[in-house]
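Visitor: Have a look at this one before I ask anything.
The values are calculated or read from the model by the stated rules, or taken from the named source; none is laboratory data. Bear in mind that the values here come from a model prediction, so they are computed numbers and not experimental data. Reconstructed Cβ throughout: ideal geometry from the backbone, glycine too, with neighbour counts over all protein chains shown.
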């Protein structure tokens, strides 16, 4: 649920809306927000399933320290969705198991 | 790999890192702050409540406003700030300078083609580690289910992203973080089942507890979480009372109708980089656990490597800022040993720091800090 009015914070800013796809489902997202926030606003809580026991994981630390919210974003696995901002047309998929990006070749 | 020069590299743009950088820049040094986050201010950016303390210590000001003020002051003073820049290595190949390796744009490169990810190195004589803290987890059956979150995570999505991550909440931990989170959740329109704590008394300040209780939220002490319910995500929670020996009273187990469980059982120093730099540590539960040993001007057991803020022991934001300032000033003094103004500023900040740990909630931290300084002398001398 989005928090539109708040006793301390100002009214929610009127920003551009974009559209992202999560496992084939199109959801609206506010420009400048994280993928995880857009998903929670759409009531989607599962980011990935672990490799050994296939247990579900979702947002846990919210600041990029743990790895629970990692998903496949535009084909790239292990993207921390809590610290990755949405972009129009972004394709996000639930991740099953692990697949590491090769930082050595960056 | 591209390299950049700076007099001092500061890791972390929270109150400690910005405090250090401001002092350095105001004395004409090139202070380069790197932070893996997309915005400056560390965890202050999600603190919507007014802080306690005297006006000189920013009492009465909301945390998120302090973040803006400090960042503006840093930029005005000439501090250079790199955001979305994650430090992954530190080494001292050369005698006089450290090499701090940074991965830049790691976060934005996923959503923006024009910001490619790349690595670079900062060469600096001094390093200030102000990397803050991380939340302590609490393990119980179901604790990994989506819907079990750190209190900080809930604050971030709620106060920064403006999204409520659930409708009905259970909060585990009645320290100030748990109590403030409860109040902020109410402000955002959420329902709270209760705040529980295994201790016999409420952990946080009475003023925070009072606000939550007046709003009708039960604060239950000697109570623990038994498990999180649900197959794929949280559909409820089980809580139970504890006896004098901290054992669950089986007849008291009850189910609470919640969809989100917040863990607010404390913070620990986020000190990986200090470990990588070879700093010696000591275990101080009053300050969150393993803490890099440091002297009374925040230098670790490694020459020219400093720590400041929660990474040097979890305390308050105002203390973090002053610890940062102290680290910055000590570096200035090393470069200008005859500067009497800097010397007197150091004494002033030190006095303020000890003064702010005088309250009944801080006496154990005061003692731990004294011990850390003692251990530092023991380690450096031998």
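Visitor: Quick check: anything in the range B:251-268 surrounded by fewer than 20 Cβ atoms within 10 Å (Cβ to Cβ), farther than 20 Å from residue B:11 by Cα, free of Cβ contacts under 8 Å to residues at least 12 places away in the same chain and assigned by TED's automatic domain parsing to the domain that holds residue B:142?
Guide: yes
Visitor: Just the residues that are outside any helix (DSSP H, G or I) and under 15 Å from the mean Cα position of the chain (by Cα), please, taken from the range B:262-276.
Guide: B:264, B:265, B:266, B:267, B:268, B:269, B:270, B:271 - these are the residues of the range B:262-276 that are outside any helix (DSSP H, G or I) and under 15 Å from the mean Cα position of the chain (by Cα).
Visitor: While we're on this one: Could you tell me whether residue B:177 is outside the structural domain of residue B:62 (by TED's automatic domain parsing), closer than 22 Å to residue B:37 by Cβ, touching a residue at least 12 places away in the same chain (Cβ under 8 Å) and surrounded by fewer than 20 Cβ atoms within 10 Å (Cβ to Cβ)? Even if it seems obvious, please write down each step before you answer.
Guide: Details: outside the structural domain of residue B:62 (by TED's automatic domain parsing): yes; closer than 22 Å to residue B:37 by Cβ: yes; touching a residue at least 12 places away in the same chain (Cβ under 8 Å): yes; surrounded by fewer than 20 Cβ atoms within 10 Å (Cβ to Cβ): no.
Taking the combined requirement at face value, the residue does not satisfy it.
Visitor: Sticking with this one: What residue, of A:79, A:83, A:91, is within 19 Å of residue B:113 (Cα to Cα) and touching a helix residue (DSSP H, G or I) at 6+ places or on another chain (Cβ under 8 Å)?
Guide: A:79
Visitor: Right, here's the next one. Quickly run through the range B:17-51 and pick out the residues that are away from every other protein chain (no Cβ under 13 Å) and either without any contact (Cβ under 8 Å) to a residue 24 or more places away in the chain or assigned to a helix (DSSP H, G or I) (or both).
Guide: B:17, B:18, B:19, B:20, B:21, B:22, B:23, B:24, B:25, B:26, B:28
Visitor: Among what's in the range A:1-35 and is facing chain B (nearest Cβ under 7 Å) and under 12 Å from the mean Cα position of the chain (by Cα), pick the residue that is farthest from residue A:81 (Cα to Cα).
Guide: If we take residues in the range A:1-35 being facing chain B (nearest Cβ under 7 Å) and under 12 Å from the mean Cα position of the chain (by Cα), then A:33 is farthest from residue A:81 (Cα to Cα).
Visitor: Looking at this structure, is residue A:61 in a loop (DSSP other than H, G, I, E, B) and within 8 Å of another protein chain (Cβ to nearest Cβ)?
Guide: Working: in a loop (DSSP other than H, G, I, E, B): yes; within 8 Å of another protein chain (Cβ to nearest Cβ): yes.
So residue A:61 fits the description; yes.
Visitor: Next question. Could you check the range B:187-218 and list, in sequence order, the residues that are in a strand (DSSP E or B) and in contact with a helix residue (DSSP H, G or I) (Cβ under 6 Å, 6 or more places away or on another chain)?
Guide: B:192, B:195 - these are the residues of the range B:187-218 that are in a strand (DSSP E or B) and in contact with a helix residue (DSSP H, G or I) (Cβ under 6 Å, 6 or more places away or on another chain).
Visitor: Now for a different question. Which ones in the range B:219-261 are touching a strand residue (DSSP E or B) at 6+ places or on another chain (Cβ under 6 Å), assigned to a loop (DSSP other than H, G, I, E, B) and more than 22 Å from residue B:153 (Cβ to Cβ)?
Guide: Across the range B:219-261, the qualifying residues are B:222, B:249, B:253.
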